[in-house]
Each structure stands twice: as structure tokens, then as C-alpha cells.
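Inspection log for the structure reproduced underneath, given as C-alpha cells.
The values are calculated or read from the model by the stated rules, or taken from the named source; none is laboratory data. For clarity, every value in this text was computed on a predicted model and none was experimentally measured. Reconstructed Cβ throughout: ideal geometry from the backbone, glycine too, with neighbour counts over all protein chains shown. To get the accessible areas, we keep the full protein, side chains included, count just its heavy atoms, and leave off ligands, DNA and RNA. Shrake-Rupley method; radii C 1.70, N 1.55, O 1.52, S 1.80 Å.
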Amino acid sequence: QVQLVESGGGLVQPGGSLRLSCAASRIIFSIYVMGWYRQAPGKQRELVATINSVGTTNYADSVKGRFTISRDNAKNTVYLQMNTLKPEDTAVYYCNARLAPNGYWGQGTQVTVSS
């Protein structure tokens, strides 16, 4: 059974930084498109960033220039470096692994940006 385990969430002040990690198991990690999504209370889940097997990245406009997605295929891990955090970044962040037609989700990690 595929497992995606997120870590690194927490409470941070506006302007602060966090790094999320997602460790994958039981998949050939290097060929999957990995992504981060988030869901705020009362809102739909939305794309934050993706990175494909050759390292091409894609970001939501709301996080461009502040967030960076990266992957370490040797560690089967994808990261999301989040800088200059804003209160509107508060959400549960989910890791996603996608290789059509299959897709997998982690359990989510809470990120709260508040003073």
C-alpha cells in the first residue's frame, strides 16, 4: 500500500518560514509527479505546487516567489519551502503523488500563520 507521510507543519508568525516534507513509500518515486495542495476551512482543496520527474515545477499564482517545491529521489521525499508566510496561507497541506491513472494523497499537515 502506497504511503505518503507529511511533516513540518505548525504555527508560525506572518513573514515567517516553514519547510514541509513528504516521504513516500511503495512507489517508484522518481517517475511520479509530486505535488502539494492545500485546503482552508470552508474552501475547496487547491493546487499549491507540482514537480515532475525531470524537475519541472509549477506554482499557483498566490505562492509564486514565496514557495519552492523540490524533490530528493534518493530519499523518496518531496519538500515545500514556504517563505514570507501570510495568514491566508493557513490551511491543511496535502502531499500528492500522481502517475496516470493513479493518484495518492497523504493525511495532511496543518499550517497556521498567525500572530
message = Give all pairs with beta carbons closer than 6 Å in which a residue from region 40-53 that is more than 17 Å from A91 (Cβ to Cβ) and open to solvent by less than 90 Å² (accessible area, probe 1.4 Å) meets a residue that is among the acidic types (D, E) and assigned to a loop (DSSP other than H, G, I, E, B); count only pairs at least 6 apart in sequence or on separate chains.
response = none
request  = Collect the residues in region 7-29 that are touching a Leu at 6+ places or on another chain (Cβ under 6 Å), assigned to a strand (DSSP E or B) and under 11 Å from Y93 (Cβ atoms), keeping them in residue-number order.
outcome  = L20, C22
query = Looking at region 67-102, which of its residues are open to solvent by 60 Å² or more (accessible area, probe 1.4 Å) and of a type in the set (A, V, I, L, M, F, W, C)?
reply = A74, L99, A100
query = Quick one: how many residues across region 5-20 are under 11 Å from the mean Cα position of the chain (by Cα) and either open to solvent by less than 50 Å² (accessible area, probe 1.4 Å) or within 14 Å of K86 (Cβ to Cβ) (or both)?
reply = 4
ask   = Is it the case that some residue within region 26-34 is surrounded by 21 or more Cβ atoms within 10 Å (Cβ to Cβ) and either under 11 Å from the mean Cα position of the chain (by Cα) or within 19 Å of S114 (Cα to Cα) (or both)?
value = yes
Selected residue [in contact with a Pro (Cβ under 7 Å, 6 or more places away or on another chain) and closer than 30 Å to S115 by Cα] from K64, K86 = K86
task = Could you list, in sequence order, all residues of region 54-66 that are touching a residue at least 24 places away in the same chain (Cβ under 8 Å) and either closer than 22 Å to S7 by Cβ or surrounded by 21 or more Cβ atoms within 10 Å (Cβ to Cβ) (or both)?
result = V63
All strands (runs of 3 or more DSSP E) inside region 61-113 with 1 or more residues being aromatic (F, W, Y) and at pLDDT 95 or above = 67-72, 77-82, 91-99, 102-105
